[in-house]
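The values are calculated or read from the model by the stated rules, or taken from the named source; none is laboratory data. Values in this document were obtained by computation on a predicted structure and should not be read as measured data. Glycine also receives a Cβ, built like all others from the backbone with ideal geometry; neighbour counts cover every protein chain displayed.
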């Protein structure tokens, strides 16, 4: 109790809470359809100024609330394992992890603190790397390149001694934006299937029929490509030859991308099935979701977790490389959910990414919004066009515009 009294004093609490709010509101503004570059820019500057010039105790409080504001939704998936009672405990546990992380950053010299904030996105906690401070400026007047983020942080550090150093911010201004665009020849399917309904056996035929119906409609409209969300066909699709044959025939008139599972040698893979010109290509997931698909813990702990939460089921099997395919000489790279926000994908230098997601695990929450902001971050960094089809969140196409 004395630990909490020492760190969560009223002064530390207030400064930490306000820093967290200033560095989190951009997510909630975006979630409710409000994109205001000036407000996002100002709030981001204030939030990072507090972090840079505050003591470790304030940073611990800030990290605690950032852990909640950014990642409370992680705990919501426990509802589907009959462990709803764990939700508040998991939220607090995640918040305490980030409280400790920010406390350690707060103990550094301000210049080292800046370096730590710059490197924070390269520090995956148990394989999870969505804490990337620079995405605060995705919808702002500042760029999201590392050097631009560094200029912002250094100018805020120097501004305490001399406000004229704020002029350095001019070097970080970048008016590029990741905007939603339309492609008339592409259909991105968005569905609203609850997670507890998605895998019920009696719903599987309806999902398959939806694929057939929507594909036929897209063909009638002259579309070139139709994309369905992750694991939309809730079965091991490679074990249903008649359905594969039917979709392969349909693909003579349109390219079809749909998520499903793949079974081989008693190991499951999360996959995207790409039907094109009467042929089938399967993209297996390379980057698995920590705990959700692959356990990052040591083997003996992994076995315990899998037994408790997944009835002893083994982890999904990952692929070694990403899958690419052509449509009318345009190259596309396939990404399944978490992969679309992972740097490993973008090391391939893709120009067009087709991403599929199932966000029902965390619905309703700000998770799809945070995912979209991270995708927008890479659209800006890599000048890539990203096509996203999702369950329980809107589908969209993001493109960098000047």
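Summary of values
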{"read-out": "So residue 71, is it under 30 Å from residue 157 (Cβ atoms), in contact with a strand residue (DSSP E or B) (Cβ under 9 Å, 6 or more places away or on another chain) and assigned by TED's automatic domain parsing to the domain that holds residue 19", "value": "yes"}
{"read-out": "Residues located in the range 287-332, provided they are touching a helix residue (DSSP H, G or I) at 6+ places or on another chain (Cβ under 7 Å) and modelled with pLDDT of 80 or more", "value": "287, 289, 322"}
{"read-out": "In the range 168-189, the residues that are surrounded by fewer than 11 Cβ atoms within 10 Å (Cβ to Cβ) and not in a loop (DSSP other than H, G, I, E, B)", "value": "170"}
{"read-out": "Residues (more than 29 Å from the chain's Cα centre (by Cα) and either surrounded by 21 or more Cβ atoms within 10 Å (Cβ to Cβ) or part of a strand (DSSP E or B) (or both)) located in the range 252-283", "value": "279"}
{"read-out": "Out of 151, 138, sole residue that is buried (at least 22 other Cβ atoms within 10 Å of the Cβ), within 23 Å of residue 402 (Cβ to Cβ) and either in the same structural domain as residue 37 (by TED's automatic domain parsing) or in contact (Cβ under 8 Å) with a residue 40 or more places away in the chain (or both)", "value": "138"}
{"read-out": "Enumeration of residues in the range 20-31 that are in a loop (DSSP other than H, G, I, E, B) and more than 16 Å from residue 371 (Cβ to Cβ)", "value": "23"}
{"read-out": "Residue check, residue 247 under 20 Å from residue 270 (Cα atoms) and either surrounded by 16 or more Cβ atoms within 10 Å (Cβ to Cβ) or touching a helix residue (DSSP H, G or I) at 6+ places or on another chain (Cβ under 6 Å) (or both)", "value": "yes"}
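Residues checked against (1) in contact with a helix residue (DSSP H, G or I) (Cβ under 6 Å, 6 or more places away or on another chain); (2) free of Cβ contacts under 8 Å to residues at least 60 places away in the same chain:
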residue	(1), (2)
84	no, yes
88	no, yes
92	no, yes
97	no, yes
107	yes, yes
110	yes, yes
114	yes, no
118	yes, yes
122	no, yes
